[in-house]
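Working notes for the structure below.
The values are calculated or read from the model by the stated rules, or taken from the named source; none is laboratory data. This one's a predicted model, so the numbers in the text were calculated from it and none came from an experiment. Note: ideal-geometry Cβ built from the backbone for every residue, glycine included; neighbour counts use all protein chains shown. Just the protein is used for accessible areas: all its heavy atoms, side chains included, with ligands, DNA and RNA removed. Shrake-Rupley method; radii C 1.70, N 1.55, O 1.52, S 1.80 Å.
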Amino acid sequence: MSKTPQAIRGTQDIFGPDAEAFAFVVETFERVRKLYRFRRVEMPVFEKTEVFSRAIGETTDVVSKEMYSFEDRGGDSLTLRPEFTAGIARAYLSNGWQQHAPLKIATHGPLFRYERPQKGRYRQFHQIDAEIIGAAEPQADVELLAMADQLLKELGIEGVTLHLNTLGDGDSREAWRAALVEHFRAVKDELSADSQERLEKNPLRILDSKDRRDQRFVADAPKIDQFLSDDARAFFDAVTSGLDAAGVKWTRATSLVRGLDYYRHTAFEFIPDEVSEAAGKLGSQSTILGGGRYDGLMESLGGSPTPAVGWAAGIERLAMLVGEKGEPECDLIVVVEDDERISEAIGVLKDIRAAGFTGEMVSGGSRKKRYDKAVKRSPKVILSLQPEGGHSVSHDNSDESVLKAIRQY
RNA sequence: GCGAUCGUAGCUCAGUUGGUUAGAGCGCCGGUUUGUGGUACCGGAGGUCGGGGGUUCGAGACCCCUCGAUCGCCCCA
């Protein structure tokens, strides 16, 4: 066992019911995304390191300690994408996609983050992703969230609520941040060690600290609402009323912040309700879909100011919530009980598949056990090719069309 | 990065206070039975007990290191 290669820590080989659930998530996403007219894009899995460090922020955990960065043979520093947004922004700028603005796009695929693996958290993980770039209006946020909400419903995921907040525009956010730093610095010695560190690096994060010592001071911390400019407040109001009109249930989460530097205005996460079935399945990973508005991102990459909103959701986490997905059933199995008739079986299968039915052959191993193998796979129809030209057809009475397709038997 | 639990056949697990050739069910392979049949029975393959080192007359069981998974923290999807 030890002689064979092992999978890299934090990677997974997905098979069987898990793979079916994974595929179900992706297929549902593809279907829903078309309903909202999001266009499909394919992105490189790696970028120049600076794409991520400039977009996401040097001081974030993602950039400072979780990226898979390496030097290629030409001496360039490259990084396996830890998220989609930065790469999409880069593509938007380098391809002149401004001409398509407002651009609604969707993609999915693997991401890489050097983290401690846990249930629902992997080093190579997968996300579905949706972005609206070049749209400054709150309607874009509403559209994006309406799609997310419908997607979760179509996946059959229950007990999940949209937690919504606004971080205000750039000035609001800075003023709020300064006030928070002042507030917490006054009681610095009484904060948890983690939060004392956050005070310098990312004071907003103190707000959702789980440590009781911090929570005492979070309650009376300055609220973003006090710092919101009139425009920012109007923007947020438009988002919430739009969500109401779209029938998307949401709840205000004043301490919800996002970890990456580029967020402005709307920030949101879909989180399982406490004590819900979903919360139990996810372990300590709570957010299944998160995102927000990132109006400042394009500028950090050297582009002109470009408003944008987006979200991403972990496919593995969604797959854990969609329940068992069985393998698709088989229409026809041809049992070759006489090896002389293999060619005949191949011909039958070619025809049945050309007609759009699923089918496979059982021809190996003990002849007397071939039929049993076919039965165990429970297809709709079993065609048994027996010695001396004989044959039998058995079926579960559910589908005449398969029988018609092999009516020569 | 920090703390904790766990790691025995392909899968799910059992292995008494450390004691002879490490077991079961399922799955897989072969055979008998049945013969329009998902039955029953017989047999077989498959494990250096995650890996390495140590304690001991003797370790799957104890100790150390390491790898991995899981749980909590951090962070995030």
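Normalised by the residues of region A:246-344, what does the relative contact order come to in percent, with Cα pairs under 8 Å and at least six apart?
Taking the mean separation of contacting Cα pairs over the length of region A:246-344, I get 21 percent.
For a quick check of understanding: with a 1.4 angstrom probe and all protein chains in place, what accessible area in square angstrom does A:K119 have, to the nearest ten?
So the heavy atoms of A:K119 present about 120 Å² to solvent.
If you average the sequence gap of Cα pairs under 8 Å that are 6 or more apart and divide by the length of region A:202-270, what percent do you get for the contact order?
Across region A:202-270, relative contact order equals 41 percent.
What distance in nm separates the two pseudo spin-label positions at A:Q98 and A:E324, each 7 Å out from Cα along the beta-carbon direction?
If labels sit at A:Q98 and A:E324, their model points lie 5.5 nm apart.
Counting Lys +1, Arg +1, Asp -1, Glu -1, what net charge surrounds A:E158 among other residues with beta carbon under 10 Å of its beta carbon?
Details: positive: A:K153; negative: A:D273, A:E277.
Result for the neighbourhood of A:E158: -1.
Antiparallel versus total DSSP beta bridges in chain A: what percent is that, nearest 5?
75 percent
Tell me which of A:T254, A:P379, A:A91 sits at the most positive position along the dipole axis of chain A, charges placed on C-beta atoms (Lys, Arg +1; Asp, Glu -1).
About the Cα centre, the residue reaching furthest to the positive side is A:P379.
Given Cβ point charges of +1 (Lys, Arg) and -1 (Asp, Glu) and nothing else, what value in debye, to the nearest 20, does the dipole of region A:233-381 about its Cα centre take?
Charge dipole, region A:233-381, about its Cα centre: 180 debye, nearest 20.
Hey, if we sort A:S209, A:S394 by accessible area with the 1.4 Å probe, largest down, what's the order? Walk me through the intermediate numbers first.
Working: A:S209 10, A:S394 45 Å².
Largest accessible area first, the residues go A:S394, A:S209.
Using a basic spin-label model with each label point 7 Å from the Cα along Cα→Cβ, how many nm lie between A:F70 and A:L403?
5.8 nm
Which of A:V26, A:S363, A:P328 sits closest to the plus end of the dipole of chain A, meaning its Cα is farthest towards the positive end, when Lys and Arg get +1 and Asp and Glu get -1 on the C-beta?
Final value for the positive-end residue is A:S363.
P(r) of chain A in 20 Å steps, Cα pairs, percent per bin?
With a bin width of 20 Å, the distribution comes to 22, 46, 22, 9, 0.
So how exposed is A:R233, as accessible area in Å² (1.4 Å probe, rounded to 10)?
Using a 1.4 Å probe on the heavy atoms, I get roughly 90 Å².
What is the magnitude of the charge dipole of chain A about its Cα centre, with +1 placed on the Cβ of each Lys and Arg, -1 on the Cβ of each Asp and Glu, and no other charges, expressed in debye to the nearest 20? Let's see the in-between values first.
Details: 55 positive and 66 negative charges, 152 e Å.
The calculated dipole for chain A is roughly 740 debye.
Using Cα pairs closer than 8 Å and at least 6 residues apart in sequence, work out the relative contact order for chain A, in percent.
Relative CO of chain A lands at 17 percent.
Per residue, how large is the accessible surface of chain A? Use a 1.4 angstrom probe and give square angstrom.
Result: 50 Å² of accessible area for each residue.
Over the heavy atoms of A:D273, what accessible area does a 1.4 Å probe trace out, to the nearest 10 Å²?
For A:D273, the solvent-accessible surface is approximately 60 Å².
Assuming R0 = 60 Å, can you tell me the calculated FRET efficiency for the pair A:D237 and A:A355, based on Cβ-Cβ distance, to the nearest 0.05?
0.60
Count the DSSP beta bridges whose two residues both fall in region A:332-405, then state the antiparallel fraction as a percent rounded to the nearest 5.
35 percent
List the equivalent ellipsoid semi-axes of region A:332-405 in whole Å, largest first, each obtained as the square root of 5λ for an eigenvalue λ of the Cα gyration tensor. It would help to have the intermediate numbers written out before the result.
On the way: eigenvalues 68, 39, 23 Å².
They are 18, 14, 11 Å, listed largest first.
Taking the Cβ-Cβ separation of A:L35 and A:K119 as r and a Förster radius of 41 Å, what is the calculated FRET efficiency to the nearest 0.05?
Numbers: r = 31 Å, r/R0 = 0.77.
According to the calculation, E is roughly 0.85.
Out of region A:351-400, which trypsin sites (Lys or Arg not before Pro) are coil in DSSP terms and have no more than 15 other C-beta atoms within 10 Å?
Sites meeting the loop and neighbour criteria: A:R377.
For every other residue with a beta carbon closer than 15 angstrom to the beta carbon of A:R9, add +1 if it is Lys or Arg and -1 if Asp or Glu, then tell me the sum.
Its environment carries a net charge of +2.
Let me know the shape class of region A:159-224, please: from the alpha-carbon gyration tensor, a ≥ b ≥ c as square roots of the eigenvalues, rounded when a/c is under 1.5, otherwise prolate if a/b is greater than b/c, or oblate. Walk me through the intermediate numbers first.
On the way: a/c = 2.03, a/b = 1.19, b/c = 1.71.
Judged from the Cα gyration tensor, region A:159-224 comes out oblate (a/c at least 1.5, b/c at or above a/b).
Restricting to DSSP H runs of at least four residues, report the calculated mean residue ellipticity at 222 nm for chain A, -39500 (n - 2.57) per run over all residues, nearest 500 deg cm²/dmol.
On the way: 15 runs with 153 residues, N = 409.
Estimated from H runs of four or more residues: -11000 deg cm²/dmol.
Quick check: at a probe of 1.4 Å, how many percent of the accessible area of chain A sits on carbon and sulfur atoms?
Roughly 48 percent, rounded to a whole number.
Kindly flag which residue pairs out of A:K210/A:K249; A:K350/A:K376; A:K210/A:K325; A:K249/A:K380 have an alpha-carbon separation exceeding 32 Å in this structure.
Cα-Cα > 32 Å for A:K210/A:K325; A:K249/A:K380; rest within.
Could you compute the FRET efficiency for A:R213 and A:A178, with r as their C-beta to C-beta distance and R0 at 22 Å, rounded to 0.05?
According to the calculation, E is roughly 0.45.
Between beta-carbons, use under 13 Å as the cut-off and find the net charge around A:W311, counting Lys and Arg +1, Asp and Glu -1.
That works out to -3.
Ratio of region A:198-280's C-alpha Rg to 2.2 N^0.38 Å, to two decimals? Can you show the working numbers first?
Numbers: Rg = 14.8 Å, N = 83, 2.2 N^0.38 = 11.8 Å.
So region A:198-280 has a normalised radius of gyration of 1.25.
Regarding region A:249-400, what are the three Cα extents along the principal axes, ordered largest first, in Å?
Its Cα atoms span 77, 42, 30 Å along the three principal axes.
Taking a ≥ b ≥ c as the square roots of the Cα gyration tensor eigenvalues, with a/c under 1.5 meaning rounded and otherwise prolate when a/b beats b/c, else oblate, which class fits region A:234-307?
oblate
Give me the dipole magnitude in Debye, nearest 20, for region A:332-405 about the Cα centre, with unit charges on the beta carbon: positive for Lys and Arg, negative for Asp and Glu. List each step's numbers first, then the result.
Values: 12 positive and 12 negative charges, 63 e Å.
So the dipole magnitude of region A:332-405 works out to roughly 300 debye.
How would A:R33, A:R205 rank on accessible area, largest to smallest, probe 1.4 Å?
My answer, sorted largest first, is A:R205, A:R33.
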